[in-house]
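K.L.:
Got a structure for you, written out below as structure tokens; questions coming shortly.
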Amino acid sequence: METGILLHISSLASPGGIGTLGRAAYEFVDFLRAAGQKYWQVLPTGPTGYGDSPYQSFSAFAGNPYFIDLDTCVAEGLTRGKKLPSYDFGRGAFIDYGKLFSGRLDALRFIYDCKNFDIKAVNSFAADNSYWLDDYALFAALKIHFGHIPLADWPEDIKMRRPAALKEYSEKLEDAAAFHKFVQYLFFSQFQSLKKYAARNGVRIIGDVPIYAGYDSADVWSRPQLFDLNESLDMNAVAGVPPDYFSADGQLWGNPLYDWQQLKKDGFDWWLKRLKHTFLLFDMVRIDHFRAFDSYYAVPAGAVTAATGKWRQGPGMELFSLVNKAFGAQRIIAEDLGEITDGVRRLIKDAGYPGMRVLQFAFDGNPENPHLPENYKEPCVVYTGTHDNMTVRGWYNSLSPAQKKRVRAASGYDKEKHSSIAAALIETAFNSPAQIVVIPIQDYLFKDNSARMNRPAVPQGNWRWRLRPGEINQELAAEIKRQGVK
């Protein structure tokens, strides 16, 4: 068994209002090594839009500019020795995305305007990534040019990519697009340096691939034929899930669905390029909402809730036989939570990927519950909870007395032995047959629900939690290492 910790980059205790790829990230790798951990799992790293969700990105390929470490840029001489202007990125305990939105790109623009970067390296990066970067850079420039309105509200000529409009805006926004290429160069350079440092310290980084692209994205704008859209680029149906544990009305995500027939005609080229690009950053990836590759939930466009959706057939092994041939089955984790059918189970088994188990889902009294460790028959990765769950402390406090008693009995909780119910569940995970155990850092710190990352079906106020300076230290690393020794 190998172990790791779930902590998104945004939650690092970096200066400047949000976690970055700078010093705090390297210190977290050191912490993982000291704690005997082999994996660092993060959430999607794309640029975020409305609602700040990493699962609603402007690009399936680009990196989030907020994660670029400004101090590293200064230390590398990119400002020609000039001091960065003073920006207020937020100084509270939680991320203030409004302040980041109003100032982060300005800071990066200041760095760009100093013109002290290796233009050959930037051009080489741009050429190597032209498949997605040319369109993304122009898309990002257009977003700013149009006052950040969504793609659906753009002028018709450029929304539909008519040649004359593309030529006009490409010329008008040439420098703005070049700036966004530079920003992506910084992101990927900093991330790949961090990945190399992690590898030298025996730490592998697990990324997260959202199954769906955002509707307001460079992907939809540049390749609308790959999505279930009409001739005006309106969505025919949208993504979501039916009523479940998290929401009585289901979850209406609003992402466009894929035109899987068109993708198949192209040999699933877009998906293969996307995964190849993703593996530049990550050693392994968790593919979100994996069950939709077997069958996916389609909700009529304009529906108020997700309750009226219907299931449609996904691409199945036609896609993943090509994925495995290109990348191997050992680098992928299938997020198989939610309503799982025999077809989904067959697909995961045929693909050869480990699925996910979550201990917070295990203790409902059903002896056949797949999240109970004694029922782990197939390869899997076990978590106490994910980014969508409450913290263990918050979850346990929400239970009835009878449910608490059941959890204590099933986890072997002993107040003389365990410092908290979270410690008992962590031990349960370590003693399970799972191949990999990943624990959110919040549970090691026994945080309450103020440290929760996301509340599914609640569109605002998520993704804001951060570590505070000094919260993780050598004492905690030693305790985590001790817990992991069997």
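K.L.:
To the nearest 500 deg cm²/dmol, what mean residue ellipticity at 222 nm is calculated for the chain from DSSP H runs of n ≥ 4 alone, each contributing -39,500 (n - 2.57), summed and divided by the residues? Working shown, then result.
P.N.:
Numbers: 18 runs with 186 residues, N = 486.
When only DSSP H runs of four or more count, the value is -11500 deg cm²/dmol.
K.L.:
Non-local amide H neighbours of Y39 (under 5 Å, H modeled in plane, Pro and chain starts lacking H): which ones?
P.N.:
Those qualifying (amide H under 5 Å, at least 5 residues apart or on another chain) are T3, G4, I5, R204.
K.L.:
With all protein chains present and a 1.4 Å probe, how do V74, V304, V285 order by accessible area, largest first?
P.N.:
Details: V74 60, V304 135, V285 0 Å².
The residues order as V304, V74, V285, largest area first.
K.L.:
Note down the magnitude of the dipole of segment 93-141 about its Cα centre, charges +1 on Lys and Arg C-beta and -1 on Asp and Glu C-beta and zero elsewhere, to the nearest 20 debye. Let's see the in-between values first.
P.N.:
Numbers: 5 positive and 7 negative charges, 37 e Å.
Using Cβ point charges on Lys, Arg, Asp and Glu, segment 93-141 gives about 180 debye.
K.L.:
Turning to a different aspect of this structure: Ignoring any ligand, DNA or RNA, what whole percent of the accessible area of the chain comes from carbon and sulfur when the probe is 1.4 angstrom? If you can, show how the numbers build up before the last one.
P.N.:
On the way: 10460 of 20840 Å².
For the chain, the apolar C and S fraction of the accessible surface comes to 50 percent.
K.L.:
Would you mind getting the accessible area per residue of segment 394-486, heavy atoms of the protein chains only, 1.4 Å probe, in Å²?
P.N.:
Numbers: 4790 Å² over 93 residues.
The answer is 52 Å² per residue.
K.L.:
Which pairs in the list K415/K481; K38/K415; K405/K447; K143/K181 are over 18 Å apart, alpha-carbon to alpha-carbon? Present the calculation step by step, with values, prior to reporting the outcome.
P.N.:
On the way: K415/K481 20 Å; K38/K415 29 Å; K405/K447 21 Å; K143/K181 15 Å.
Beyond 18 Å between Cα atoms: K415/K481; K38/K415; K405/K447.
K.L.:
Please tell me the relative contact order of the chain in percent, rounded to the nearest whole number, where contacts are Cα pairs under 8 Å and at least six residues apart.
P.N.:
Values: 837 pairs, mean separation 88.7, N = 486.
Averaging sequence separation for qualifying contacts and normalising by length gives 18 percent for the chain.
K.L.:
Before I look further, what does segment 217-366 give for accessible area per residue, probe 1.4 Å, in whole square angstrom?
P.N.:
On the way: 6180 Å² over 150 residues.
Heavy-atom accessible area per residue stands at 41 Å².
K.L.:
Cα centroids of segment 221-259 and segment 118-132: how far apart, whole angstrom?
P.N.:
32 Å
K.L.:
Within 13 Å, Cβ to Cβ, of D388, how many net charges do the neighbouring residues add up to if Lys/Arg are +1 and Asp/Glu are -1? Could the numbers behind the result be given before it?
P.N.:
Working: positive: R286, R452, R455; negative: D208, D244, D288, E335.
Here the charged neighbours net out to -1.
K.L.:
Between 0 and 90 degrees, rounded to the nearest ten: what's the tilt of helix 401-411 against the longest Cα principal axis of the chain?
P.N.:
Taking Cα atoms only, the helix is inclined about 90 degrees.
K.L.:
If the cut-off is 13 Å between C-alpha atoms, which aspartates and glutamates fall inside it for K273, apart from same-chain ones fewer than 8 positions away?
P.N.:
Candidates past the 8-residue exclusion: D128, D219.
K.L.:
Okay, next question. Calculate, for segment 1-73, the solvent-accessible area per residue in square angstrom, rolling a 1.4 angstrom probe over the heavy atoms of the protein chains. Show your work: numbers first, answer last.
P.N.:
Numbers: 1930 Å² over 73 residues.
Value returned for segment 1-73: 26 Å² of accessible area per residue.
The values are calculated or read from the model by the stated rules, or taken from the named source; none is laboratory data. Remember, predicted model here, so these are calculated numbers, not experimental data. Note that each Cβ is placed from the backbone with ideal geometry, even for glycine, and that neighbours are counted across all protein chains shown. To get the accessible areas, we keep the full protein, side chains included, count just its heavy atoms, and leave off ligands, DNA and RNA. Shrake-Rupley method; radii C 1.70, N 1.55, O 1.52, S 1.80 Å.
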